[in-house]
Amino acid sequence: MTSVYSTGAVVIPDNPPVPKGYHLLIVMPKVDEKTKGGILLPGEVKSREDVASIVGKVISVGDTCYPETDPRFASGPWCQEGDWVMVSKYAGHRFEYDGVEMRVMNDDSILAVVDDPTKVSRATA
C-alpha cells in the first residue's frame, strides 16, 4: 500500500495536554482521502488506518524522559520535540483533544525517527 499520511494535515491544538514523567505527547496525522497513487480510500479503510497509525509528530516531552542515568538512553534521547517518529500500531493511550487525534506514549516506545512521514506505510500481507 502506498502511504496514506500527509504532513499538511497535522494540526496542533492550542494549549495541548502536557505529558508528565517519562511520557511523550504525539500528534497523529490525518489519513488522506486517497493514497499518493490516487486510490480513493473507503471510509471504513480510512478509519482503520487512522486507528492503526504508525507515524506521528512529537509535540511535547515529559520532564523525566530519557534520563542520562538509564543505560537504555546512554547514547542520548531517542527523539525530541518536532521529530516525526514511528511507533507500533495501537501503541500508547489514544485520545482526541479539541478534535485532534493524539497519543501519550512512554519514551521507550519510539521505534525510529523519520524525515518524511509521507514515505511511511504499513506493510501488507
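Taken together, the values in this text are just the output of simple stated rules run on the coordinates, not laboratory data. Fair warning: this is a prediction, and the values are worked out from it, not measured in the lab. Heads up, the Cβs are rebuilt from the backbone with ideal geometry, glycines too, and the neighbour counts pull from every protein chain shown.
Here are a few things to note about the model shown:
- Filter result for the condition that a residue is under 13 Å from the mean Cα position of the chain (by Cα) and either more than 16 Å from H23 (Cβ to Cβ) or crowded, with 19+ Cβ neighbours inside 10 Å (or both), over K89, K119: K89
- Remark: pairs (first residue in the stretch 81-98, small (G, A, S); second residue part of a loop (DSSP other than H, G, I, E, B); Cβ separation under 8 Å; 6+ apart in sequence or on different chains) = S88/I54; S88/L111.
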